[in-house]
Amino acid sequence: MQRKLIVEFTKMNGAGNDFIVIDNRFFHFSLDDLAGLARQWCARRTGIGADGLLALAAPDDPANDARMLYWNADGSRATMCGNGARCLARFARQAGLGGPQMHLETDAGVFRVKVPDDPEAPVRLSGHAVRDWQPDVQLESSLALDGPLAYLWTGTEHTVCFVPNVKAAPVIDTGRRVRYDPALAPAGANVNFVEVVTPGGARHPATLTVRTYEKGVEAETLACGTGALAAAVVAWQSGQVAAEARAVRVQMPGGTLTVGFEVADGTVRDVYLEGPAQFVFRGTVEV
């Protein structure tokens, strides 16, 4: 009888966006293995339960501190996860990699991460590229929305729709229909429903309330880091928050994230994402 492999994992969350984290420098699972493990372990009722699987790997460039590999709960590979990257950086720091200022490789590029010594202090992820901005995407389906549907890439594909009352937004039904609309094929997109709470200003951050339907999870998640970035950037670009605002508090069902940026020639630059990255528990699982 073949003995099963005992795998040690850590459960982490960033504002309620939860992850299973493993140190793959030790286990050396293949990419296909990790996709299968994500489907198995992330299942809420029959597995450990999580929005995704994070694997810590050695960096491709020795000038960087670590590499993040990420799979959604359905086993699909994702280029980037803002909350996941912040959690993995804290995990890597505890594993002895890097210092309070780290460089983390992802499939969406290399990010700077500030990981304080205090495990309860927020982690800041900097270096997000924002591209492919489209202020009004025309869907192929006859779907009634409260306003224009914006599209942009913040490490992965996102759409943003402003609503008068985010608590009443049909996140699951409308989110699924937008995510699978042929106009967004083949990759699809995450769908963010955004309510402006306060427009903010030069001295005070703007405040948004956001709910997100995430592809790969195929459900609403308690938080989405790249979704918070998308909501904040679109809010500024479309004039939904004050032109002087340089920070946006993004309230999500699982907690609050902060998005900050600079502006050059009317375009958002030097975007960062800051928020909690917390250890929940450690355990082992048989493979």
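The values are calculated or read from the model by the stated rules, or taken from the named source; none is laboratory data. This structure is a prediction, so every number in the text was calculated from the model and none was measured. Cβ placement follows ideal geometry from the backbone for every residue including glycine, while neighbour counts extend to all protein chains displayed.
Go over the candidates ALA57, ALA50 one by one and state the one that is without any contact (Cβ under 8 Å) to a residue 60 or more places away in the chain, touching a Phe, Trp or Tyr at 6+ places or on another chain (Cβ under 6 Å) and of a type outside the set (D, E, K, R). Going through ALA57, ALA50 in turn, the sole match is ALA50. Filtering THR221, THR207 for residues that are hydroxyl-bearing (Ser, Thr, Tyr), touching a strand residue (DSSP E or B) at 6+ places or on another chain (Cβ under 8 Å), crowded, with 21+ Cβ neighbours inside 10 Å and modelled with pLDDT of 95 or more leaves a single hit, THR221. Tallying residues that are in contact with a Phe, Trp or Tyr (Cβ under 9 Å, 6 or more places away or on another chain) and among the small types (Gly, Ala, Ser) within region 184-201 yields 2.
Just for region 266-287: of the residues that are among the small types (Gly, Ala, Ser) and part of a strand (DSSP E or B), which one is surrounded by the most Cβ atoms within 10 Å (Cβ to Cβ)? Here the residue is GLY275. Scanning region 182-223 for residues that are touching an Asp or Glu at 6+ places or on another chain (Cβ under 6 Å) and assigned to a loop (DSSP other than H, G, I, E, B) yields a count of 6. When region 20-63 is filtered for residues that are over 21 Å from ARG282 (Cβ atoms) and basic (Lys, Arg), the ones remaining, listed by number, are ARG39, ARG45. Residues in region 224-265 that are of a type in the set (S, T, N, Q) and part of a loop (DSSP other than H, G, I, E, B) were compared, and the one that is surrounded by the most Cβ atoms within 10 Å (Cβ to Cβ) is GLN240. Selection of region 4-53 for residues being under 19 Å from VAL123 (Cα atoms) and in a loop (DSSP other than H, G, I, E, B) yields ALA15, GLY16. What number of residues within region 10-27 are in contact with a Ser or Thr (Cβ under 9 Å, 6 or more places away or on another chain) and either among the aliphatic types (A, V, I, L, M) or not assigned by TED's automatic domain parsing to the domain that holds TRP71 (or both)? The qualifying residues number 4. No other residue among GLU218, GLU244 is touching a helix residue (DSSP H, G or I) at 6+ places or on another chain (Cβ under 8 Å), touching a residue at least 24 places away in the same chain (Cβ under 8 Å) and of a type outside the set (A, V, I, L, M, F, W, C) apart from GLU218. Going residue by residue through region 174-192, is there one that turns out to be in contact (Cβ under 8 Å) with a residue 60 or more places away in the chain and of a type in the set (Val, Ile, Thr)? No.
If you go through region 6-20 and pick out every residue that is touching a residue at least 60 places away in the same chain (Cβ under 8 Å), within 18 Å of LEU222 (Cα to Cα) and not polar (S, T, N, Q), you end up with 7. Among the residues of region 80-114, those identified as touching a strand residue (DSSP E or B) at 6+ places or on another chain (Cβ under 7 Å) and either farther than 30 Å from GLY36 by Cα or hydroxyl-bearing (Ser, Thr, Tyr) (or both) are PRO100, GLN101, THR106, LYS114.
Filtered by the rule that a residue be in a loop (DSSP other than H, G, I, E, B) and either outside the structural domain of ARG44 (by TED's automatic domain parsing) or surrounded by fewer than 22 Cβ atoms within 10 Å (Cβ to Cβ) (or both), region 66-77 gives ASP74, GLY75, SER76. Cβ separations smaller than 7 Å between residues 6+ apart or across chains give the following pairs from region 75-104 residues that are under 30 Å from PRO186 (Cβ atoms) to residues that are β-branched (Val, Ile, Thr) and assigned to a helix (DSSP H, G or I): MET80/THR226; CYS81/THR226; GLY82/THR226. The criterion of at least 3 residues that are surrounded by 17 or more Cβ atoms within 10 Å (Cβ to Cβ) and of a type outside the set (Asp, Glu) is met by the following strands (runs of 3 or more DSSP E) wholly inside region 79-156: 101-106, 109-114, 123-128, 149-153.
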